[in-house]
Each structure stands twice: as C-alpha cells, then as structure tokens.
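Visitor: Got a structure here, written out as structure tokens. Questions coming.
Every read-out reported here was derived from the displayed coordinates using simple, explicitly stated rules and does not represent laboratory data. Here the structure is a predicted model, which means the values were calculated and not measured. In this analysis, Cβ positions are derived from the backbone assuming ideal geometry, glycine residues included, and neighbour counts consider all displayed protein chains.
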Number of protein chains: 2
Amino acid sequence: MDAWRGVLYASARVLGVADPELNTSVGFPLTWLDILAQLYDAPGNKLRMQEIQERSLFTRSGITRLVDRIEAAGLVRREPVVGDRRGVLVGLTPEGLRRHREAFEAHLPVIEREFGRRLTSEQQRAVAEALAPFWHDAQDATSE
Amino acid sequence: MDAWRGVLYASARVLGVADPELNTSVGFPLTWLDILAQLYDAPGNKLRMQEIQERSLFTRSGITRLVDRIEAAGLVRREPVVGDRRGVLVGLTPEGLRRHREAFEAHLPVIEREFGRRLTSEQQRAVAEALAPFWHDAQDATSE
DNA sequence: GAGAAGTAACTGTACCAGCAGTCTCTGACA
DNA sequence: TGTCAGAGACTGCTGGTACAGTTACTTCTC
C-alpha cells in the first residue's frame, strides 16, 4: 500500500512538473508526445485510431479530436486503409518526426532531474523490474 | 528511464481501472476521494482551501468548484475562519466521514487486485522505499 | 447475394479543468 | 487613520475530456 502511494505521488508530482515544462519548451502537452511516441515506435510510423486508443497512456477517449488537433498542427496525417474503407491510418509527417525528436530530447532531462536523480541506480533497477509487468502487458495486448 | 516508464504505466493503468470502478460503486470519482482523504488526515478534519490545493494529488487547480460540488453533495461544509475573514475552512460532515470510509473500503481491494497482487512483498518494500521521497516532501512542505 | 450483426471512426452535448482577472480582507507603515 | 501591497478565495471564459448516439463500411449467415 505504501508502494502504491509512492507510485501515485511520484507520477503525479513528476507529471505535474513535466507537462507545463514541455508545453512551454516545445509548445504542446504531454498527451501529444504520448501519441507521437506511439507512432514513432510503430512499424512504418503508422497506426490505426483504435490502436492509438489502446496504447495511449493518458486519454482513453477523445482520440478523434486529439488527432484532429495534432493533424491541424501538421505533425500527423490521416490516410485511408487499403482494403477497409472504414478505417483510418494515422502517420507521422516529416515535421511530426522532427518535433517528436525535439520534444523527446527536451522531455528526457526533465524526467532525469525530477525522477531519476532522486533514486540510486540500485533503486532504479528494482523499481523497473517490479513494475515491468505493467508496461509489458500494455505492449503485447489490447488488454481487456 | 525504464523505472520511470514503469511508474507511468503502473499509475495510468491502475487509475484507469480504479476511477470508473469507484465511480460506479460509491458514486463519485477519485478526485473526491482525494479531497476527502486529505480532510480525514487533517487535524479536526478541517483544512483551508489553499492547504487542500497544495496537498491534493490530482487537480492542482479548480479546487473552488470541486469543493462546490462536494459541498452540494453534502459531504463537506464551508465555515468562516475566526480571525481571518478572507479565509474559508472546509470540514467533513458526518455524512462525508461515512462516505469517505465507504469509498476507502471499496477502493482498497481494487488497488490490491490491480497493483499489489502483481508484486512480491519483497518488491513492494523496494518500491515503497525508493519512492518514499516523493510523498514525503508532499507531506511536510508546500514544496516549491 | 440480400439482410442481420458487428466494427471503425466521427459528432453533439454536457461537464470539468486551466488561466486570468476580480473582489474582499489583512497587516504594515507613514 | 488613510492607504497600499499582498493574501485568500471566487468567477468568466476557453478549451479539452467523457459518454451516448450516428454514419459508413465490412463480415457472417443462409
């Protein structure tokens, strides 16, 4: 229970600092970086709307309009899916790729400063190992 | 960095399940429980608006209207501060105390199921110890 | 190959959070 | 004691999120 409290406070605290900082340094919030990163990791830098929804960390809903906004900013583009005219593929534009890289590089030191620096490397290994299941099953499955 | 990812996924995943479940079982969201719990832990079950704002885990802002809603539901009551007519004290009502207890008891097993059960007790200790600083400095100070 | 059932994404509406500005009150100082 | 900087909480507005209902398309069944 203390472990859960630690996780809760750590994420709330770090996100509370990182989100505004990202916003001022690169001009968009963490939710955008989340989506951009999912696309970056995907094969061909492309995903379907549903896949984004399943994988994204923050907004479970409202993906349509979130992508609308990112698309309006030119970081992402919708394309039809060959063979399924219901579906939509969302892909990174070159500009999106660039901004993702920029945002990631701005974000990393903030995490290091707010989170990494407060743990010994021993502790980092222990936490990473203990919490690995949570991000693994987000990886390999749609979950429920 | 993997440690941070673990924290992020764990909290997102568990909250994503716990919030809707709390909502259906006791009828209010985690943000309410957050506030109620802060009040429960406070001396005399009372806090000023600013103190709630500093201590609350989720919403850093919008406290005024959040308290409005909780007050409208009868779980909390505003009172004047003797000696400072600008200030407002927010206190738990008996009903609020009851609902807090109820919510807490509904919430605990969910956390246990979604989080606790996936870690060995060894790992729980390690995580709790590693992340303790984050909730300690939320305790003893307004932070920066 | 026509109709029912299911899937993928979008839209309407209501609610909630974030930000800036406002109002009232306190404490200090001349 | 008049006033003035700052503290404490509230309100208007904007924009993002959540949920339900729609539309367009696909797949399954006979």
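Visitor: Could you work out the mean count of beta carbons from other protein chains within 10 Å of each residue's beta carbon in A:117-128?
Guide: Working: counts 0, 6, 7, 1, 1, 2, 6, 6, 4, 8, 12, 7.
The per-residue average across the peptide is 5.
Visitor: Turning to a different aspect of this structure: Of the trypsin sites (Lys or Arg not before Pro) in segment B:34-116, which ones lie in a loop per DSSP and count no more than 14 other C-beta atoms within 10 Å? Write out the running numbers ahead of the final one.
Guide: Details: sites: B:K46, B:R48, B:R55, B:R60, B:R65, B:R69, B:R77, B:R78, B:R85, B:R86, B:R98, B:R99, B:R101, B:R113; in loops: B:R60.
When the trypsin sites (Lys or Arg not before Pro) of segment B:34-116 are filtered for loop state and at most 14 Cβ neighbours within 10 Å, B:R60 remain.
Visitor: Does segment A:86-136 classify as rounded, prolate or oblate by the C-alpha gyration tensor (a ≥ b ≥ c root eigenvalues; a/c under 1.5 gives rounded; else a/b over b/c gives prolate, otherwise oblate)?
Guide: Oblate.
Visitor: For A:V88, list long-range residues whose amide hydrogen, built 1.01 Å from N in the peptide plane, is under 5 Å from its own amide hydrogen.
Guide: Residues meeting the amide H criterion: A:M49.
Visitor: Shape verdict for the protein assembly as shown, please, from the Cα gyration tensor: rounded (a/c under 1.5), prolate (a/b greater than b/c) or oblate.
Guide: prolate
Visitor: Name the residue farthest towards the positive end of the dipole of segment B:32-143 from the options B:A130, B:V67, B:L33, assuming +1 on Cβ of Lys and Arg, -1 on Cβ of Asp and Glu, about the Cα centre.
Guide: Checking the options against the dipole of segment B:32-143, the answer is B:V67.
Visitor: Return one number: the angle in degrees, 0 to 90 and rounded to the nearest 10, between the long axis of the Cα atoms of helix B:2-26 and the longest principal axis of the Cα atoms of chain B.
Guide: With both axes taken from Cα atoms, the answer is about 50 degrees.
Visitor: If you don't mind, there's one more thing I want to ask. List the residues whose amide H sits under 5 Å from the amide H of B:V76, counting only those 5 or more places along or on another chain, with H placed 1.01 Å from N in the peptide plane.
Guide: Residues meeting the criterion, in which the H sits 1.01 Å from N, are B:T93.
Visitor: Once phi is turned into ³J(HN,Hα) by the Karplus curve 6.51 cos²θ - 1.76 cosθ + 1.60 with θ = phi - 60°, what whole-Hz value does each residue of segment B:93-103 show in order, with x for glycine and proline?
Guide: For segment B:93-103, the Karplus-derived couplings read 8, x, 4, x, 4, 5, 5, 4, 4, 4, 5 Hz, x marking Gly and Pro.
Visitor: With just the Cα atoms defining each centre, how far is segment A:83-139 from segment A:40-71? Give it in Å.
Guide: Comparing the Cα centres of segment A:83-139 and segment A:40-71, I get a distance of 14 Å.
Visitor: Taking the 0 to 90 degree range and rounding to the nearest ten, how far is the long axis of helix B:63-72 tilted relative to the main principal axis of chain B, both from C-alpha atoms?
Guide: Its long axis makes an angle of about 70 degrees.
Visitor: Charges at C-beta only: +1 for Lys and Arg, -1 for Asp and Glu. How large is the resulting dipole of segment A:8-105 about its Cα centre, in Debye rounded to 20?
Guide: For segment A:8-105, the charge dipole is close to 280 debye.
Visitor: Enter the mean number of other protein chain beta carbons within 10 Å of the beta carbon of each residue in A:86-97, as an integer. Kindly include the intermediate steps, with their values, before the conclusion.
Guide: Values: counts 0, 0, 0, 0, 0, 0, 0, 0, 0, 0, 0, 0.
Mean shielding count: 0.
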